[in-house]
Amino acid sequence: MNAYLRFADRLSTRVGQAFAWLIVVLVAIMVYEVFSRYVLGNPHDWVFDVSIMCYGAVFLMGGAYTLAKENHVRGDILYGFLPPRVQAGLDLLLYGLFFCPGVLALMWAGWGFAGESWAVREHSANTADGPPIYPVKMLIPLAGALLLMQGAAEVLRCIACLRSGHWAPREQDVEEVDVDKLKALVREEGTP
């Protein structure tokens, strides 16, 4: 079980980090377009479509990464005060009732949606000669499959927590700056 948890966490993390680079691509495209439009007087129609595709890809492929890092929005007012076994039981119930059916529906609908787009080699209708969008639509069922894989890892974590009373460890990644930890670190080093 621990091997699967590590595999799912690592795969979700690596895919999320890889697709995060599309943000850099998106910024570069937008800077290029602003320069081209206002300095060179030569705007491009394709920039709008490509920027939407980049953002959509980041959003879709970042879902499993966000789940692996426990960063999805949660009603944490009372949840944080509950013991781990109660948290795990509540999570397991919610995964069964909402998460799994929702992700399976995403995969099912996304497969049909992407398949139809691929069959007609769909291009964007926002511009006269819009870029192809069928490759990006294939990310919908792929993102669903990745999210389902990470969801299975989370269900296994819940089961392990119900048995042991503590949560299984997660792969570490970047964290937001915790001001209290930073202050404590500064105090320990003796820096004012």
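None of the figures in this text is laboratory data; all of them are computed from the coordinates on show. Only a predicted model underlies this, so the values are computations on that prediction, with no experimental measurement involved. Ideal geometry is used to build each Cβ from the backbone, glycine not excepted, and the neighbour counts take in all protein chains shown.
Which listed residue (Ala68, Ala105, Ile52) has the Cα farthest towards the positive end of the charge dipole for the stretch 2-168, taking +1 on Lys and Arg C-beta and -1 on Asp and Glu C-beta about the Cα centre?
Ala68
Can you give the local net charge around Thr127? Use residues other than it whose beta-carbon is closer than 13 angstrom to its beta-carbon, Lys and Arg +1, Asp and Glu -1. Spell out each step's value before the answer.
Details: positive: none; negative: Asp45, Asp49, Asp129.
That works out to -3.
Please report the net charge: other residues with Cβ closer than 14 Å to the Cβ of Lys137, K and R +1, D and E -1.
Working: positive: Arg121; negative: Asp49, Glu116, Glu122.
Within the 14 Å Cβ shell, the charges total -2.
List the residue ranges in the chain for DSSP H helices whose C-alpha atoms run 27 angstrom or more along the long axis and whose Kyte-Doolittle average is 1.0 or above. Walk me through the intermediate numbers first.
Working: long enough: 2-38 (55 Å, 0.79); 100-119 (28 Å, 0.80); 139-164 (37 Å, 1.40).
Length and hydropathy pass: 139-164.
Please work out the FRET efficiency for the pair His123 and His166, using the Cβ-Cβ distance as r and a Förster radius of 45 Å; give the result to the nearest 0.05. Walk me through the intermediate numbers first.
Details: r = 52 Å, r/R0 = 1.16.
Efficiency for this residue pair is about 0.30.
Based on the mean of other beta carbon atoms within 10 Å per residue, what is the order of 158-166, 23-31, most packed first?
Numbers: 158-166: 15.2, 23-31: 13.1.
The peptides rank, most packed first, as 158-166, 23-31.
I'd like the distance between the alpha-carbon centres of the stretch 137-175 and the stretch 1-75, rounded to an integer number of Å.
Answer, in whole Å: 20.
Mind putting a number on the dipole of the chain about its Cα centre? Charges go on the C-beta only, +1 for Lys and Arg and -1 for Asp and Glu, and I need it in Debye to the nearest 20. Mind dumping the intermediate values first?
Numbers: 15 positive and 19 negative charges, 108 e Å.
The calculated dipole for the chain is roughly 520 debye.
With a sphere of radius 14 Å drawn around the Cβ of Ser51, what net charge do the other residues whose Cβ falls strictly inside it have (Lys, Arg +1; Asp, Glu -1)?
On the way: positive: Arg37; negative: Glu33, Asp45, Asp49.
Net charge around Ser51: -2.
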